[in-house]
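**Q** Shown below is the structure under consideration.
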Amino acid sequence: MASFDAMAHSWTIRFLERRIADKRILRLIAKWLKVGITEDGRVTRSERGTPQGAVISPILANVYLHHVYDLWTHRWRRKASGDVIVIRYADDTIVGFQHERTRSRKWGSFVIGRKTIKKRMLKKLQEVKMELRKRMHDPIAKTGAWLNRMLKGHLNYYAVSGNSPSLWWYFNEVRWRWLKSLKRRSQRAFMSWEKFTSATDRFFPSIRILHPLPCHRFDARTRGRSPVR
C-alpha cells in the first residue's frame, strides 16, 4: 500500500490545523479528501488516502509525511552513531548511514558494522587489473608473490570487525581477474581449475580479522583475572 492510500484523514486535518487557521479552507480540504473514487459508476469513499489524480494530493502527502516521517527521522537520527542522511521526494525516500549496526554472532550484542566503500574497492580492482596485464607473461610465482604482498596490505588496512563479507568479495574478484589474465597469455594457454586453486591457496593469504573491536582488543586482564583499569 502506497502512502497516498494510507494517509489518515483525521491526522491530515490535524497537521494542517497547525498552519492553517481559516476553518473554511480546512472544510474545503476535508471535502476534497472525502470525495472518493468512482469505479463502474459506483462511488467508494474511505477514511484514508487522498483523491487519485487530484492536484492537491502531492501537497497533502508532503504535509502528512513531513509530520509522520521527516520530523520523526530528524529526532531519531540525533541518537544515531555517525551521520544519517535522509533524502525524500514525495513518498520515495533514501536513507544513508555512516555506520552499519549488526549483531555480533560471537558475543550476541549489537556492534557497529563496518564495510569498505564499494567505489573504493572497484577503483583498486581496476588498478589490479592493469597491473596483472603488465605482469601477464611473468612467471606465476613472481605474480603470485606480488599478489600476496598486495592482499596482505589490504588485510592490514581493511580487516576490521564486521567487514568480512567485503574482504571475501574483494579476494574473489582478484582471484577471477588473475585467472582471466592467465588465460590470455596465449591462444594455447590452459590452466586447470585444480592447478589454479593450488596457486591461489599458495599465494593468497587467509582471510581473518586483524583489528577486533576496541572493547575486545583492550580487554586486558591481570593474573588475578581482574580487568585492567
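The values are calculated or read from the model by the stated rules, or taken from the named source; none is laboratory data. This one's a predicted model, so the numbers in the text were calculated from it and none came from an experiment. FYI the Cβ positions are ideal-geometry reconstructions off the backbone, even for glycines, and counts take in every protein chain you see. These accessible areas exclude ligands, DNA and RNA; they are computed on the full protein's heavy atoms, side chains included. Shrake-Rupley method; radii C 1.70, N 1.55, O 1.52, S 1.80 Å.
**Q** To the nearest 10 square angstrom, how much accessible area does residue 176 have with a 1.4 angstrom probe?
**A** So the heavy atoms of residue 176 present about 130 Å² to solvent.
**Q** Under 15 Å from the Cβ of residue 69, count the other residues' Cβ atoms, weight Lys and Arg +1, Asp and Glu -1, and hand me the total.
**A** 0
**Q** On a full-extension model of 0.36 nm per residue, what is the gain between residue 202 and residue 40, subtracting their alpha-carbon distance, rounded to one decimal in nm?
**A** Gain in length upon complete extension: 51.1 nm.
**Q** Let me check I've understood the local charge: for residue 118, count other residues with C-beta under 12 angstrom from its C-beta, Lys and Arg +1, Asp and Glu -1. What total comes out?
**A** +4
**Q** Something else now. Using a 1.4 angstrom probe on the protein heavy atoms only, line up 196, 15 by accessible area, largest first.
**A** Descending order: 15, 196.
**Q** Could you name the lysines whose alpha carbon sits less than 27 Å from that of residue 34, not counting residues in the same chain fewer than 8 places away?
**A** Counting by Cα, and skipping residues close in sequence, residue 34 has these lysines nearby: 23.
**Q** Quick one: compute a quarter of the convex hull surface over the Cα atoms of the range 114-196 and quote it in nm².
**A** 5.7 nm²
**Q** Going down the table (79/123; 142/180; 115/142; 119/152), which pairs top 25 Å between alpha carbons?
**A** Cα-Cα > 25 Å for 79/123; 115/142; rest within.
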